[in-house]
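Note sheet for the following structure.
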Amino acid sequence: MESPHVIKGTDAMDSLLSAAKKLADKGGIRDEIVSGIYGVSADICRDAVTYKDQKKLASTYKLDSIVTSKIWGFPIMLAGLGLVFWITIAGANYPSGWLASFFGWIEGYLTSGFEAVNAPAWLHGVLVLGLYRGTSWVISVMLPPMMIFFPVFALLENFGYLPRVAFNMDRLFKKSGGHGKQALTMSMGFGCNAAAILSTRIIESPRERMLAILTNNFVPCNGRWPTLILLSSLFMVGGAAAGALRTLSTALVLMGIVLIGIIVTLTVSWVMSKTALRGVPTHYTLELPPYRRPQIWKTILISSKEKSLNVLTRAIVVAAPAGILTWILGNVMVGGDSVLNHMAAFFDPFANLLGLDGFIIMAFILGLPANEIVLPILLMGYMSSGAMVDIDGLGGIKDIFLSHGWTWLTALNMMLFSLLHYPCGTTLINIYKETRSMKWAVLSAVIPLGIAIAVTFAVAQAARLFGWV
Amino acid sequence: MNQYTVAFAGNPNTGKSTLFNLLTGLRQHTGNWAGKTVITAEGEFTHNKHTYRAVDLPGTYSLYSNSADEEAARDYIIFEEPDVTLVVLDATSLERNLNLALQVLEITGRAVICVNLIDEARRLGIDINLKAISKRLGVPVAAISARGKIGIEALLDQIERVATGAFTAQPLRISYSDEIEQGIAELIPMVEQIVGSRYPARWIALRLLDGDDSLLHSLKTHMGRKNIIGTKEVVGHGVTACH
């Protein structure tokens, strides 16, 4: 209850409520209110609405009986997801390469410009190798896939498919103690976890809303997609595969990652609803809106404009300072080695247990403000540590990784860690704002981190035990 | 050249945000699912030399504070007192959508009912008698298609009539069961005494009967805001202050 001396009128209000409670003693008030309102609505419609053709109204149900059926529901969902990934990867590959080469070409001119005016090496380092590279990598790796993935996703959304996904997923969520609408907030997480935390407001019960908040992190967001796409296409697909087959296998690997995320979501929901957030799932109504033909061009234009703006602002606001910071850490020498190398060396033994290395852990720590910058920080960290590779396009990136002892296990575990580790700073702030609880905000970082460590540890140890690496 | 505030209320997924985007020129992302808008967006539009500040409320099925977004929509309509509350309904499922309109009318008569997706309804062979609905509800009703840009001017005219006070509403009052009406009658004097006449007493009484703690909480904070100067005097008086 409120402390007694907060506001004038507080006690009067309490007495008002208790008077109301006395009057409403018998219960069933809500039902009477609702039936009163429904009665009037029905009455108005009886007078004012006439249906000329009942058959036309039934057309939606036919499609729904297929896409939400027990047999076809999940296969259609998975096929749809796979198709979206395939389109994204196939479409983004070349533009990413072009952008990378384009930025590299400009970098050459920038460097000669700095040389021409005899600028000090550190200035060139901070501005070109730090700020410019950091920003341009984020843009070239992120922009193309995001500009394809989100418009395609938005088309499905406008068509009306998302509520059907929620409907299908509801059975699973109910079993794990969560709320079917968690599927909707999960889908929003694909775009941005921070925004998805706000979208959990559609879940009525506070308990189930908390489950949705805690587990939202397990769907890869905007900032993590590029990392996942890049690593899976560089490392997860055998060298022999080429062309369409390569794209297809990359899409399958991504789908596997998303499925792992969903399994973890369900497991965490289940464990939490048996322990800290105990309770019975509440009933709710989920509206299956009529299918509508999306306004294709408008949807594509709006969502790709939104996404590209979003990516560009993030690149400038977050990636640029992070680029500078990483460059400084990588070039300030203490006792004969850079600060960055000292830090990486510090984390190395622990990281090794997880199948990662100290630089990767460093990148995740420095990447707390935004997941977009994890990969650029990592690359800059590697490059400042000696092996200056001229990365021309995306192929060069793989060489950098390989020269630092990467195997498929490193890539897989980095993907898993990226999928499972704590949400970004913005998301954490939103969680705190929405739950108004430090405890839950901290838990929503600690629980995923624990899971990320446990899973990568298990995978690394198993792979080494069986001699796969 | 007054500026009026128009709040956009409506069930989820009725094309509320589509209309909002059309009028304000903002390009919010819209989606075909319930609950897309959870944060209120704001924009501006003009019609016949009047400027309107448009506020897009989260889509809700009711104003019964079942969830955070319903509370947000409810609190806006009650405490921010928009000049016009525009209730956007889906013409293809009017009966269910009307429930929200009726709840809004219990709070305020300064409302316009907007039946959206009218082209879709016609396609499905649904015929809607707008005059009959308007007569029953006691507020203006306009049929539009936000996507097809049909009927927008007429809708804006109705908004203007309500905003400028040219239209006097006689909002439909729902009569509930005897038991509830009796409870309301007993509570109204208390509500008026404590909350003042600023807020709709009948509706508050009804919500209190329903045990709506969250409304009470909102009332406390909003009244507290207005009484900040008076607060110091009662500090420490505690429980005995108001008997």
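None of the figures in this text is laboratory data; all of them are computed from the coordinates on show. From a predicted model like this one, the values you see are computed outputs, not experimental measurements. Cβ placement follows ideal geometry from the backbone for every residue including glycine, while neighbour counts extend to all protein chains displayed.
How large is Rg over Rh for region A:189-295, taking Rg from the Cα atoms and Rh as the Kirkwood inverse mean of 1/r across Cα pairs?
On the way: Rg = 17.7 Å, Rh = 16.3 Å.
Reported Rg/Rh (Cα atoms, Kirkwood Rh): 1.09.
Model label sites at residue A:244 and residue A:403, defined 7 Å from Cα along the beta-carbon direction, differ in position by 3.7 nm.
Reported value for chain B: 144 Å³ per residue, from the convex hull of its C-alpha atoms.
Counting Cβ atoms of other protein chains within 10 Å of each residue's Cβ and taking the mean over peptide B:203-216 gives 4. With the charge dipole of chain A set up from +1 on Lys and Arg Cβ and -1 on Asp and Glu Cβ about the Cα centre, the Cα lying farthest toward the positive end among the listed residues A:68, A:36, A:105 is that of A:36. Per residue of peptide B:95-102, the mean number of Cβ atoms on other chains within 10 Å of the residue Cβ is 5.
Express in nm, to one decimal, how much length is gained between residue B:3 and residue B:131 on full extension, taking 0.36 nm for each residue of separation and deducting their alpha carbon distance. Kindly include the intermediate steps, with their values, before the conclusion.
Numbers: separation 128, 0.36 × 128 = 46.08 nm, distance 2.89 nm.
Extra length available between residue B:3 and residue B:131 comes to 43.2 nm.
With a cut-off of at most 16 other beta carbons within 10 Å, and DSSP calling the residue loop, which chymotrypsin sites (Phe, Trp or Tyr not before Pro) in region A:263-339 qualify? Please list them. The partial results should precede the final answer.
On the way: sites: A:270, A:284, A:291, A:297, A:327; in loops: A:284, A:291.
Listed in order of number, the matching sites are A:284.
Of chain A, which part is the longest with no trypsin sites (Lys or Arg not before Pro) in a loop (DSSP not H, G, I, E, B) and with at most 11 other C-beta atoms within 10 angstrom? Intermediate values should be presented prior to the final figure.
On the way: sites that count: A:26, A:52, A:70, A:278, A:436.
Longest run free of exposed loop sites: A:71-277.
In region A:72-465, the alpha-carbon atoms span a convex hull of 151 Å³ per residue. Peptide A:286-292 shows a mean partner chain C-beta count of 6 within 10 Å per residue C-beta.
R0 = 30 Å: FRET efficiency of residue A:352 with residue A:112, Cβ-based, nearest 0.05? Let's see the in-between values first.
Values: r = 41 Å, r/R0 = 1.37.
Taking R0 as 30 Å, the efficiency between residue A:352 and residue A:112 is 0.15.
Net charge dipole, chain B: roughly 640 debye, given to the nearest 20, about the Cα centre with Cβ charges of +1 for Lys and Arg and -1 for Asp and Glu. Helix B:213-226 versus the longest principal axis of chain B: what angle, 0 to 90°, nearest 10, using Cα atoms? Around 80 degrees separate the two axes.
Packing around the peptides B:127-133, B:99-105, taken as the average count of other Cβ atoms within 10 Å per residue, puts them in this order, highest first: B:99-105, B:127-133.
Report, in listed order, any pair from A:181/A:307; A:175/A:274; A:305/A:398; A:174/A:274 with a Cα-Cα distance greater than 19 Å. Kindly include the intermediate steps, with their values, before the conclusion.
Values: A:181/A:307 24 Å; A:175/A:274 11 Å; A:305/A:398 30 Å; A:174/A:274 13 Å.
Pairs exceeding 19 Å: A:181/A:307; A:305/A:398.
Taking amide H as placed 1.01 Å from N in the peptide plane, the amide H of residue A:176 sits under 5 Å from none that are at least 5 places away or on another chain. Angle of helix A:206-215 to the longest C-alpha principal axis of chain A, folded into 0 to 90 degrees and rounded to 10: 20°.
Using R₀ = 22 Å, calculate the FRET efficiency as 1/(1 + (r/R₀)^6) where r is the Cβ-Cβ separation of residue B:186 and residue B:79; round to 0.05.
Details: r = 25 Å, r/R0 = 1.13.
Computed FRET efficiency for residue B:186 and residue B:79 comes out at 0.30.
When you count the other C-beta atoms within 10 angstrom of each residue and take the mean per peptide, A:376-382, B:216-222 line up highest first as A:376-382, B:216-222. Segment residue B:173..residue B:96, full-extension length gain: 25.9 nm, with 0.36 nm per residue of separation and the alpha-carbon distance subtracted. Angle of helix A:10-23 to the longest C-alpha principal axis of chain A, folded into 0 to 90 degrees and rounded to 10: 50°. The relative contact order of chain B comes to 17 percent, based on Cα pairs under 8 Å that sit 6 or more residues apart.
Taking R0 as 45 Å, what FRET efficiency do you get between residue A:51 and residue A:78 from their Cβ-Cβ distance, rounded to the nearest 0.05?
On the way: r = 38 Å, r/R0 = 0.84.
Computed FRET efficiency for residue A:51 and residue A:78 comes out at 0.75.
Considering only B:67, A:338, A:50, and ranking their Cα positions along the charge dipole of the protein assembly as shown that arises from unit charges at the beta-carbon of Lys, Arg, Asp and Glu, the one farthest toward the positive end is A:50. Cross-link partners of residue A:52 among aspartates and glutamates, defined as those whose alpha carbon lies under 13 angstrom from its own and excluding same-chain residues fewer than eight positions apart: B:127.
Working value for the protein assembly as shown: equivalent-ellipsoid semi-axes of 51, 30, 26 Å, each the square root of 5 times a Cα gyration tensor eigenvalue, largest first.
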